[in-house]
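Each remark here refers to the structure printed beneath this line.
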């Protein structure tokens, strides 16, 4: 009897912390909340089931992209955040098209706490598989979107599907201030392009991409083609490639480092001559 009371107390402690932290994610980023919820609903809580150990689940980028209507770049960013925050970790990553990746759910906000209490919780739950709970997750996401969220309570920073006229004007003015190709009027086609971009990226991410693009154009880097704002926002993956982890950003940083290394011998030679 005492053991049962201790177990119930542990469950209560675990769920209190778990729900509080997930609620925080819900308030900060609803898309991230949906991704974490999908993982939770598809995690195995039995001893071992369908090749999965306790707190493991099969993971597929393509399935989540389709089910949650999310871009690959956004999903990769969220997964990286969840890993860095300790919610999940990779057990194995697929090396071929037919192979599945496996995630482990830590259920934690301190690894030791999560490992201790989520394992106790898992003993009392049913087995789950990746295909068994897609309807459950769909319902969860739909209910969240249709019944829980309200524009009165959630700002743009909390939902990628909500934006204001101020956001649109901010991006437009930010672009014009860079003097890449300046637009005199905020036309409807430009507004449409900005709205589309805001659905997939935050304001800060778009500003960062514009910053990088502008810096590259002003440098002696090989990339010299100038887009207007609409084309820049509408091109496939254009924003993501100019962001911190993007390919254009990486290529530019590599080019800068090589140029810096070439300049070092010249500077040292100049200093010796001055002596």
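Brief remarks follow.
Results for (1) within 30 Å of residue 199 (Cβ to Cβ); (2) at pLDDT below 80, shown as yes or no for each residue.
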| site | (1), (2) |
| --- | --- |
| 227 | yes, no |
| 234 | yes, no |
| 238 | yes, yes |
| 243 | yes, no |
| 270 | no, yes |
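- Entirely in the stretch 1-69, the helices (runs of 4 or more DSSP H) that have 3 or more residues that are on the phi < 0 side of the Ramachandran plot and modelled with pLDDT of 70 or more: 30-41, 61-68
The values are calculated or read from the model by the stated rules, or taken from the named source; none is laboratory data. Quick caveat, the model's predicted, so the values are computed rather than measured. We place every Cβ from the backbone using ideal geometry, glycine too, and count neighbours over all the protein chains shown.
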